[in-house]
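Participant: Let me begin by handing over the structure; questions about it come next.
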Amino acid sequence: MGKPTGFLEFTRELPSKRPVAERKLDYKEIDIDLSFEQVQTHNAARCMDCGIPFCHNGCPLGNIIPEFNDAVYENNWGLAYEILSSTNNFPEFTGRICPAPCEASCVLGINKPPVTIEYIEKSIIEYAFLNGYVKPLQIDEKDRTGKKVAVIGGGPAGLAAAAQLNKAGHWVTVYERADQVGGLLRYGIPDFKLEKWTIDRRVEVMKAEGITFKTGVNVGEAISGSELLDQYDLVMLSGGSTVARGINKTWDGKDVIGWDTYLNKGVHPAMEFLSQQNKRNANIDRVHDHRGMAYKNGELLATGKHVVVIGGGDTGSDCIGTSNRHSAASVTQVEVMPEPPKDRHPGTPWPLWPNMKRTSTSHDEGCERFWSISVKEFIGDGEKLTHLRIADIVLTVVDGKAQNVEQNERVVPCDLALIAAGFLHPQREGLLSQLAEQGLEFDNRGNVLSDDYQTGIDKVFVAGDMRRGQSLVVWAISEGREAARAADCYLNGGTSKLEAKAKSMFAVV
């Protein structure tokens, strides 16, 4: 806890945002950070003596939240960093882009605004970097196991697995088919939410710890699955869920007219649009996308266009913010699901993740939002998209039964339709197909099947979206850590060095 009466004395305080007119002109992060003193004396002070900290349950990583809050309140930032880093390899990422399920479970949140756990995380790690607490782990040669591990995919799951397996003394090589590591941290999340120097800074620490990174290597082509199994003692698959969901079907299963005609002629996957802009910001190659695959359609820009973002989640929000920075003529977001309530729905009571309407900073910059929308047709001249035919999905009583029907069908201007409908499963072609010939299996959703992160091939493990399906960055980090624990047990014949180190760390805490 923090100050015993802090939750009574102080209100929840988050950083203010840069003015909309200013931030739409660049891709810098939009927060105006609070001082470390403010975080200590007000935010951390609000952590109450709740008895049972449900925030632990809300956090996929099991972060030891009350303890690091208390350390911050006591101005012991070094201890706060030790506690936080014992469970979270990358608080600089989760402290910026996590939706903070821990805060939804905060006991104070029952009848008051919850503690600003996510922002305290960010403050701890930034204080730690600023004051030299973050140092590369020096592993003595005698503590090296001699075992070699290949991590396939340099996103948050792969990076977390690599960091943990290296900590256990194994030699780790991370293969990434894009030109830089980070996965969707690098080429999916816009810079105005996560500037990429945060990734570069962490990768430099990991390199200094002995981890090898090989970028621009499409495993399955440059090196086959059989070669991997021959060269390494263990292979960790963490390539993510990369096959995007299309909208070739309406909400009730009918064909969306014009999908085949205008796909890549004005209708584009959100990730192609977002990854291009991140590469544009970094002034690097824009020939290949976040998967290392060649772009099909040249430069994608929203400038002067009527943009319709199809999908109401975080990726859709990212498309809105990017389109606004391109100076789009208009930005509209449509979502097939009904509009959520403004406040927590009774069906998702505390401490569950609440079903409620969320408005992002991108929405604040300018966007029309529509809910319960059916996309029926893409319309154009055969070469380029010009309009979208949509209809409202309305719950109506028909013959005494409640059912959804379409009403108010209409045509809206649309020069650029961005599909932000999520991902289905990992790419099967290439490495996974090769490994499938040797025993790799898939579940009914197309993800890699595993038992305690171990696949049907003994020495092949899997973590992250490739195993569980698309999810949050915090879940990817958790998956990477847990898969590394299982892999370490396998490499050591059933005993995990990581578990022993974790127990000693908790004993100190």
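The values are calculated or read from the model by the stated rules, or taken from the named source; none is laboratory data. Keep in mind the model is a prediction, meaning the values are calculated, not measured. Cβ sites come from the backbone with ideal geometry, for glycine too, and all protein chains shown count toward neighbours. The protein model used for the area step is the full one, side chains on, heavy atoms only, and it has no ligands, DNA or RNA in it. Shrake-Rupley method; radii C 1.70, N 1.55, O 1.52, S 1.80 Å.
Participant: Quick one: if you stick a label point 7 Å off each Cα along the C-beta vector at F442 and D179, how many nm between them?
Facilitator: Between F442 and D179, the label points sit 3.0 nm apart.
Participant: Quick one: divide the alpha-carbon radius of gyration of the range 175-251 by 2.2 N^0.38 Å and tell me what you get.
Facilitator: Relative to the 2.2 N^0.38 Å estimate, the range 175-251 comes out at 1.39.
Participant: Long-range amide H contacts for Q333: which residues qualify at under 5 Å (H placed 1.01 Å from N, peptide plane, sequence gap of 5 or more or a different chain)?
Facilitator: Those lying under 5 Å, H to H, from Q333 are V309, E368, R369, F370.
Participant: Let me ask something else. Please compare each pair in K193/K265; K3/K122; K142/K497 to a cut-off of 26 Å on the Cα-Cα distance and tell me which ones are over it. Write out the running numbers ahead of the final one.
Facilitator: Details: K193/K265 29 Å; K3/K122 20 Å; K142/K497 14 Å.
Check vs 26 Å cut-off fails for K193/K265.
Participant: Per residue of the chain, what 222 nm ellipticity follows from adding -39500 (n - 2.57) for every DSSP H run with n ≥ 4, rounded to the nearest 500?
Facilitator: For the chain, the value works out to -8500 deg cm²/dmol.
Participant: Would you list K167, K401 from the most to the least accessible area, probe 1.4 Å?
Facilitator: Order by accessible area, largest first: K401, K167.
Participant: Can you give the relative contact order of the chain as a percent, counting alpha carbon pairs under 8 Å and 6+ residues apart?
Facilitator: 16
Participant: Using only alpha carbon positions, build the gyration tensor of the range 1-154, then give the equivalent ellipsoid semi-axes as the square roots of 5 times its eigenvalues, largest first, whole angstrom.
Facilitator: That gives 28, 21, 16 Å for the three semi-axes.
Participant: Once the Cβ-Cβ distance between F10 and V243 is put in as r, and R0 is 60 Å, what FRET efficiency do you end up with, to the nearest 0.05?
Facilitator: Values: r = 47 Å, r/R0 = 0.78.
Efficiency computed from Cβ-Cβ geometry: 0.80.
Participant: Identify the GluC sites (Glu not before Pro) of the range 150-257 meeting these criteria: DSSP loop state and at most 13 other C-beta atoms within 10 Å of the C-beta.
Facilitator: E221
Participant: Rounded if a/c is under 1.5, else prolate if a/b beats b/c, else oblate: with a ≥ b ≥ c from the C-alpha gyration tensor eigenvalues square-rooted, which is the range 402-500? Before the final figure, lay out the partial values.
Facilitator: On the way: a/c = 2.99, a/b = 2.29, b/c = 1.31.
Since a/c reaches 1.5 and a/b is larger than b/c, the shape of the range 402-500 is classed as prolate.
Participant: Same structure again: I'd like the accessible area for R23, computed on protein heavy atoms only with a 1.4 Å probe and all protein chains in place. Round to 10 Å², please.
Facilitator: 10
Participant: Accessible area of Y295, 1.4 Å probe, to the nearest 10 Å²?
Facilitator: Rounded to the nearest 10, that gives 30 Å².
Participant: Rg and Dmax of the range 226-325, using alpha carbons, in Å: what are they?
Facilitator: Both quantities, over Cα of the range 226-325: 17.0, 53 Å.
Participant: OK, next. With helices defined as uninterrupted DSSP H runs, which ones in the chain have an alpha carbon span along their own long axis of at least 15 Å and mean Kyte-Doolittle hydropathy of at least 0.5? All intermediate terms of the calculation are to be shown ahead of the outcome.
Facilitator: On the way: long enough: 117-130 (20 Å, 0.61); 156-167 (16 Å, 0.31); 197-208 (17 Å, -0.41); 270-282 (19 Å, -1.12); 314-325 (17 Å, -0.98); 473-491 (27 Å, 0.28); 497-508 (17 Å, 0.18).
Membrane-span-like by this rule: 117-130.
Participant: Moving on to the next point. Just grab the label-to-label distance for S35 and I110, each label 7 Å out from Cα along the Cβ direction, in nm (one decimal).
Facilitator: Between S35 and I110, the label points sit 3.5 nm apart.
Participant: Using square roots of five times the C-alpha gyration tensor eigenvalues, list the equivalent-ellipsoid semi-axes of the range 219-270 in whole Å, biggest first.
Facilitator: Sorted largest first and rounded, they come to 38, 13, 9 Å.
Participant: Here is a further query. If I take every Cα pair under 8 Å that is 6 or more residues apart in the range 375-458, average their sequence separation and divide by the length, what percent do I get for the relative contact order?
Facilitator: Contact order relative to length: 18 percent.
Participant: Okay, next question. Please identify the cysteines of the chain that lack any partner cysteine with a Cβ under 4.7 Å from their own Cβ.
Facilitator: Cys with no partner Cβ under 4.7 Å: C47, C50, C98, C106, C319, C367, C414, C489.
Participant: Put +1 on the Cβ of each Lys and Arg and -1 on the Cβ of each Asp and Glu in the range 197-244; which of A208, Y232, N218 then has its Cα farthest toward the positive end of the dipole?
Facilitator: A208
Participant: Of the labelled options (1) 20; (2) 53; (3) 30, which one gives percent of Cα pairs over 38 Å apart as computed for this structure?
Facilitator: Derived directly from the coordinates: (3).
Participant: Set the Förster radius R0 to 60 Å, insert the Cβ-Cβ distance between E74 and N297 as r into 1/(1 + (r/R0)^6), and round the FRET efficiency to 0.05.
Facilitator: 0.65
Participant: In sequence order, what are the phi-derived ³J(HN,Hα) couplings for the range 328-334 according to the Karplus relation 6.51 cos²θ - 1.76 cosθ + 1.60 with θ = phi - 60°, rounded to whole Hz, with x for glycine and proline?
Facilitator: For the range 328-334, the Karplus-derived couplings read 5, 5, 7, 10, 10, 10, 10 Hz, x marking Gly and Pro.
Participant: What is the dipole size for the range 1-87, taken about its Cα centre, with +1 at each Lys and Arg Cβ and -1 at each Asp and Glu Cβ, in debye to the nearest 20? Walk me through the numbers before you get to the answer.
Facilitator: Working: 8 positive and 13 negative charges, 80 e Å.
The dipole of the range 1-87 has a size of about 380 debye.
Participant: Distances over 16 Å make up what percent of all Cα-Cα pairs in the range 136-216?
Facilitator: 48
Participant: Would you work out which of G382, P338, G154 lies farthest towards the positive end of the dipole of the chain? Charges go on Cβ: Lys and Arg +1, Asp and Glu -1.
Facilitator: Result: G382.
Participant: Then there's this: Calculate the dipole size of the range 87-139 relative to its Cα centre from +1 charges on Lys and Arg beta carbons and -1 charges on Asp and Glu beta carbons; express the result in debye to the nearest 20. Write down the numbers at each step before the final one.
Facilitator: On the way: 4 positive and 5 negative charges, 10 e Å.
The dipole of the range 87-139 has a size of about 40 debye.
Participant: Report the paramagnetic label zone for T261: residues of the range 366-388 whose backbone N is under 11 Å from a point 7 Å from Cα along the Cα-to-Cβ axis.
Facilitator: So the set is 377-387.
Participant: Let me ask another. How large is the charge dipole for the chain, taken about the Cα centre, if only the Cβ atoms of Lys, Arg (+1) and Asp, Glu (-1) carry charge, to the nearest 20 debye?
Facilitator: The dipole magnitude comes to about 240 debye.
Participant: Same structure again: Whole-Hz Karplus ³J(HN,Hα) for the range 41-50, in order, using 6.51 cos²θ - 1.76 cosθ + 1.60 and θ = phi - 60°, x for Gly and Pro?
Facilitator: Couplings: 7, 10, 5, 5, 5, 6, 5, 9, 7, 7 Hz.
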